[in-house]
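The values are calculated or read from the model by the stated rules, or taken from the named source; none is laboratory data. Treat the numbers as computed from the prediction; the structure is a model and nothing was measured. Please note: Cβ atoms are built from the backbone with ideal geometry, for glycine as well, and neighbour counts cover all protein chains shown. We work out accessible area using only protein heavy atoms, side chains counted, and drop any ligands, DNA or RNA first. Shrake-Rupley method; radii C 1.70, N 1.55, O 1.52, S 1.80 Å.
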Amino acid sequence: MTLIQQQLLGKRVRLDKPELLAPAGNLEKLKFAVHYGADAVYIGGQQYGLRSNADNFSFDEMREGVEFAERYGAKVFVATNIYAHNEDIEGLETYLRGIQDAGVAAIIVADPVIIETCKRVAPKLEIHLSTQQSTMNWQAVQFWKEEGVDRVVLAREASMQEIEDIKKNVHVEIEIFVHGAMCSSYSGRCVLSNHFTDRDSNRGGCSQSCRWKYDLFTTEQDQQVGIKELPLFQAEDDAFSMSSKDLSMIEHIPELVRSGVDSFKIEGRMKSVHYVATVVNAYRQAIDAYFADPEHYEMKPEWLYEIQKAANRPLNTGFFYEHPDHEDHIFEPEDKAAPYDFVGVVTAYDADSGIATIQQRNHFKPGQEIEFFGPTGTFFKQNVPAIYDESGQELDAARHPLQSIRMKLDQPVQPMDMMRKRMRKA
């Protein structure tokens, strides 16, 4: 086995840290993910991926992303995980060679034809089997290993016991999702989007129909008008939805580590820079704290609280411990889970004057309470003092997108630290 392990207090404890793998929908998100602690990031190119609405990466952007990641010792993977139709095959060889030439470490793939083509024309790329293949047992994992796959991303429906059994029986890298959105159907097998919007969910076009709001009706036969629709709701009722709660395993780091999993994956290539940085930072701290002292590790409530500042939906543990039931889905509108707005990012700081330059991302003004956080331990709150534009003109508010604002801070900050404010309740 490639994992170095030891026995400590009767528990299976690893000496090598599992990889923390973060999403990056564009180049800026990639840089923030790596800066905030990701060991690797996964991105989409401009073809063959399942997030066609993300910004996605050109070959030049891939190259820039790889160069940035390598400065931090991180890797870049590219999702090429569509199920290809005949018309998708033309240009595949050129595309895979372009990914390899950009210095990318691996592709994430579901379709066997893409696997075989990659082995033939881009052999330097590792091949990671996508969760789209819904792999849930060790015999299937063994099959894909024998096909030349370097890593298997298990189905999100796999339980902790199934994951442990797979690691015991097959010596291949295993990746699992530990945080993010869950599919309301069977992951990788939903065609609601295809039927409702003619957007192919397995070719990058999913319209996330499961997140919509619906009115419910039944029908009855009427002698005068024929089929008649009858509403199953009152006018004042909230619309019906069927969204699943989001996955979060931040409270179960020891179990995840002891399972032998090689990569902890965060979902969310369509999510914001603030979301990516916040969630990556929390998991980075939790993983590092565990490996610093496994025997005395304690889950810190502030890690979960940090995640809740960026989460969009309530959280649960998915399929890890038991099959989700109606309590794990959202059938009616709920309060917004994220009570904070991301309002700015530090671009410069002068230690002598205490003046920071902030790039505005959302409206803020003097007198509001804000908080700063960053990957090197920055965390403090203060009220917004007087603010100035680049020419030194005092402002009553920062209201222009990406405007550079200068203001004096109570504590030191560093470039790429973030600033946020609590949202007002409606």
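The table for this structure:
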{"quantity": "Counting all C-alpha pairs of the chain, share separated by more than 38 Å (%)", "calculated": "28"}
{"quantity": "Estimated D of segment 145-247 in µm² per second, where Rh is the Kirkwood radius over Cα pairs and Stokes-Einstein applies at 10 °C, 1.306 mPa s", "calculated": "90"}
{"quantity": "Amide H within-cut-off set for Ile387, under 5 Å, with H built and near neighbours excluded", "calculated": "Leu395"}
{"quantity": "Residues with amide H under 5 Å from that of Glu173, placed H, sequence gap 5 or more", "calculated": "Val152"}
{"quantity": "Cut-off under 5 Å, modelled amide H: who pairs with Ile330 long-range", "calculated": "Ser243, Ser244, Lys245"}
{"quantity": "Peptides ranked, highest mean first, by Cβ atoms within 10 Å: ranges 365-374, 16-25, 171-180, 292-301", "calculated": "16-25, 171-180, 365-374, 292-301"}
{"quantity": "Estimated 222 nm signal from helices in the chain, with DSSP H stretches of n ≥ 4 weighted -39500 (n - 2.57), rounded to 500", "calculated": "-7000 deg cm²/dmol"}
{"quantity": "Whole-Å semi-axes of the ellipsoid equivalent to segment 250-339 (Cα gyration tensor, √5λ, descending)", "calculated": "24, 17, 13"}
{"quantity": "19 Å Cα-Cα reach of Lys245 towards aspartates and glutamates, excluding residues that sit fewer than 8 places from it in its own chain", "calculated": "Glu157, Glu267, Glu306, Glu322, Asp325, Glu327, Asp328, Glu332, Glu334, Asp335"}
{"quantity": "Cβ-placed point charges (K, R +1; D, E -1), dipole of the chain about Cα centre in debye, nearest 20", "calculated": "680"}
{"quantity": "Rg/Rh for segment 121-160, where both radii come from Cα atoms and Rh is the Kirkwood radius", "calculated": "1.01"}
{"quantity": "Å² of accessible area per residue within the chain, as computed with a 1.4 Å probe and no ligands counted", "calculated": "48"}
{"quantity": "Along each principal axis, Cα extent of segment 75-198, largest first, Å", "calculated": "41, 41, 24"}
{"quantity": "DSSP beta bridge pairing in the chain, given as percent antiparallel to the nearest 5", "calculated": "60"}
{"quantity": "Hull volume in cubic angstrom per residue (convex hull over the Cα atoms of segment 302-426)", "calculated": "129"}
{"quantity": "Helix runs (DSSP H) in the chain reaching 30 Å along axis by Cα, Kyte-Doolittle at least 1.0", "calculated": "none"}
{"quantity": "Peptide ranges 225-238, 79-92 listed from the most packed, as the mean C-beta count within 10 angstrom indicates", "calculated": "79-92, 225-238"}
{"quantity": "Charge-dipole axis of segment 302-426 as Lys and Arg at +1 and Asp and Glu at -1 on Cβ define it, positive-most pick from Met423, Tyr388, Pro401", "calculated": "Tyr388"}
{"quantity": "Pairs beyond 22 Å (Cα-Cα), from Lys75/Lys168; Lys167/Lys300; Lys75/Lys271; Lys75/Lys381", "calculated": "Lys75/Lys168; Lys167/Lys300; Lys75/Lys381"}
